[in-house]
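A.B. asks: Sharing a structure below in structure tokens format, with a few things to ask.
Rule-based calculations on the coordinates, nothing more; no lab input. Computed from a predicted model, the values in this text were never measured in an experiment. Don't worry about glycine lacking a Cβ; one is built from the backbone with ideal geometry, like all the others, and counts go over all protein chains shown.
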Amino acid sequence: MSAATDPSYIPGCVDTHAHLTVAEARGVAIDLIVAQAVDARVAGIIDVGIEPSDLQARRDRLGRWPIVFLTSGLHPTSVAPDSWREAIDTLCAQVDGLVAVGEIGLDYHWSTDHADLQRRVLREQFAIARDAGLPVIIHNRDSEADMLDILADELPYGVMHCFSQDADYCRRCVGLGMHVSFGGNVTYRSAGSIRDAVAVVPDELLLVETDSPFLSPQPVRGKPNHPGFLRHTIACVAEVRGTTAERIAELTASNARRLFGLNSR
Ligand SMILES: [Zn+2]
């Protein structure tokens with residue numbers, strides 16, 4: 001392995017968004033990756049669900065590691081008229097032990113057939129999170145205007161995951177109190193507008209993530225992503241904000257611990 005592809009961690013960091021079992025299915029050796037994270041004193045990896053029915057298998061596979069924290073939620077691309085109610089009922093029954101409801105949101109990229117239903121299901125999951133005292137992890141793709149309307153109406157506590165819009169949109173999100181998390185795509189050469197957004201997030205709302213196995217950072221693009229590559233995204237965010245990678249790791253980990261209540265788990 002070259003230095004760029006060798007997994008390594010900045011001690012104390014938190015990857016706020018990974019799909020470890022999906023990464024494993026793409027060939028990532030997650031036992032090794034998480035063991036290295038433990039050795040490097042990584043403070044947390046948030047493993048994010050996409051359907052409430054996936055929680056048990058993720059808990060069985062990942063529950064042994066104290067640095068891996070679980071969420072559950074119904075992803076907008078999984079919202080379907082004949083199955084969403086059962087999924088929501090399942091979610092309601094499983095919130096104990098989670099650190100967030102997510103990922104949930106709107107995605108008009110693949111289809112707008114169920115756009116009304118996506119918005120309804122998003123609001124239902126905001127209510128579940130509110131009742132459970134949990135933050136939300138929000139996916140937002142090609143749905144910017146509707147998302148802002150719903151955020152302004154519901155004022156959830158949580159994070160815009162894998163933020164991919166511009167600085168103006170970012171200002172609106174942080175103005176509504178949302179945390180903003182940046183993923184590997186912030187490192188892409190064409191991502192100047194996302195880097196502009198990095199610069200406008202207040203310190204206390206800034207987070208980083210891998211979204212592994214997706215969106216590998218530029219130096220490892222084309223490989224399945226995993227938490228050991230978070231340092232590339234941290235380095236990029238640090239450069240934009242004119243500070244050190246260690247400072248960004250410490251700041252974003254502190255924010256993640258507070259948002260997801262990691263210290264009390
Ligand atoms: Zn995700």
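A.B. asks: How high is the relative contact order of the chain, given as a whole-number percent (alpha carbon pairs under 8 Å, six or more residues apart)?
C.D. replies: 21 percent
A.B. asks: In terms of modelled amide H atoms, which long-range or inter-chain residues lie less than 5 Å from the amide H of Asp107?
C.D. replies: Close amide H contacts, sequence-distant or interchain: Arg141.
A.B. asks: If I model a spin label as a point 7 Å beyond the Cα along the Cα-Cβ vector, how far apart are those points for Glu239 and Arg130 in nm?
C.D. replies: Computed distance between label sites Glu239 and Arg130 equals 4.2 nm.
A.B. asks: Explain nothing, just the number: relative contact order of the range 164-265, from Cα pairs under 8 Å at least 6 residues apart, as a whole percent.
C.D. replies: Result for the range 164-265 is 25 percent.
A.B. asks: Calculate, in nm to one decimal, what Ala35 and Gln56 gain on full extension: separation in residues at 0.36 nm each, minus their alpha carbon distance.
C.D. replies: Difference between extended and current length: 5.4 nm.
A.B. asks: OK, next. Using Cα-only point scatterers and the Debye equation, what is log10 of I(q)/I(0) for the chain at each q in 0.09, 0.13, 0.16, 0.17 Å⁻¹, rounded to two decimals?
C.D. replies: -0.36, -0.78, -1.22, -1.39
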